[in-house]
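**Q** My structure is below; once you've seen it, I'll send some questions.
The values are calculated or read from the model by the stated rules, or taken from the named source; none is laboratory data. The structure displayed is predicted, hence computed values, not measured ones. Ideal geometry is used to build each Cβ from the backbone, glycine not excepted, and the neighbour counts take in all protein chains shown. The accessibility values were calculated without ligands, DNA or RNA, using every heavy atom of the protein model including side chains. Shrake-Rupley method; radii C 1.70, N 1.55, O 1.52, S 1.80 Å.
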Amino acid sequence: MPKLIGSPARTEAVGDRPKTCDEYIGLVNSGDTKVSLTLMHSPAGWQGPAHYASFHQYAVVLSGTLRVEHGRGVMDVAASQSVHVEPGEEVIFSTPGAGGCEYIMLCVPAYSRADVHLVK
């Protein structure tokens, strides 16, 4: 039988200013360990920490620009584009544009803070 998920669980992301995350599917909201699906609301000028994750990260940008800094350079992902970050790949996500950025983050297996490793 299909399972209705009535509303997302709101959390706040790590970074240099507040950024909200609405998890629809995942460990926090639905108890799912295989996948997480989260709508990210990132303000203008937000920057997250350097990190690598133990899961695949797929982002689909809905509006604005998501900047992804990685070992070989910088990638700007615009609205209607997507990016895939492999497990173990060090990245820094940021949203430098004046309007911020909204994007969907899909993580496989599900996002867990314990599986995100900060790089100093």
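**Q** Let me know the longest stretch in the chain that avoids all GluC sites (Glu not before Pro) found in a DSSP loop with at most 15 other C-beta atoms within 10 Å.
**A** It works out to 1-88.
**Q** Sticking with this structure for a sec: Only bridges with both residues in the chain count here: give the DSSP antiparallel percent, nearest 5.
**A** Bridges in the chain that DSSP calls antiparallel: roughly 100 percent.
**Q** Related question: Would you mind working out the magnitude of the charge dipole of the chain relative to its Cα centre, with +1 at each Lys and Arg C-beta and -1 at each Asp and Glu C-beta, to the nearest 20 Debye? Please list the in-between numbers first.
**A** Values: 9 positive and 12 negative charges, 28 e Å.
So the magnitude is around 140 debye.
**Q** As a test question: what accessible area, to the nearest 10 Å², does Lys3 have when a 1.4 Å probe is rolled over all protein chains in place?
**A** 140
**Q** Could you sort Met75, Met1, Met105 by their accessible area in this structure, using a 1.4 Å probe and putting the largest first?
**A** So the residues, ranked largest to smallest area, are Met1, Met75, Met105.
**Q** What accessible area per residue comes out for segment 1-59, rounded to a whole number of Å², with a 1.4 Å probe?
**A** 56
**Q** Ordering Thr11, Thr95, Thr33 by accessible area with a probe of 1.4 Å, largest first, what comes out? Don't skip to the answer; put the middle values down first.
**A** Values: Thr11 50, Thr95 0, Thr33 85 Å².
Ranked from most to least accessible, the order is Thr33, Thr11, Thr95.
**Q** Then there's this: Over the chain, one equal point on each Cα, no solvent: what is log10 I(q)/I(0) by the Debye formula at q = 0.12, 0.19, 0.21 Å⁻¹?
**A** The Cα Debye sum returns log10 ratios of -0.40, -1.03, -1.26.
**Q** Under the rule a/c < 1.5 gives rounded, and otherwise a/b versus b/c splits prolate from oblate, where does segment 56-107 land using the Cα gyration tensor? Could you put the intermediate results ahead of the total?
**A** Details: a/c = 2.23, a/b = 1.34, b/c = 1.66.
Note, shape of segment 56-107 comes out oblate.
**Q** A further question follows. For the chain, with all protein chains present and a 1.4 Å probe, just round the carbon and sulfur fraction of the accessible area to a whole percent.
**A** 56
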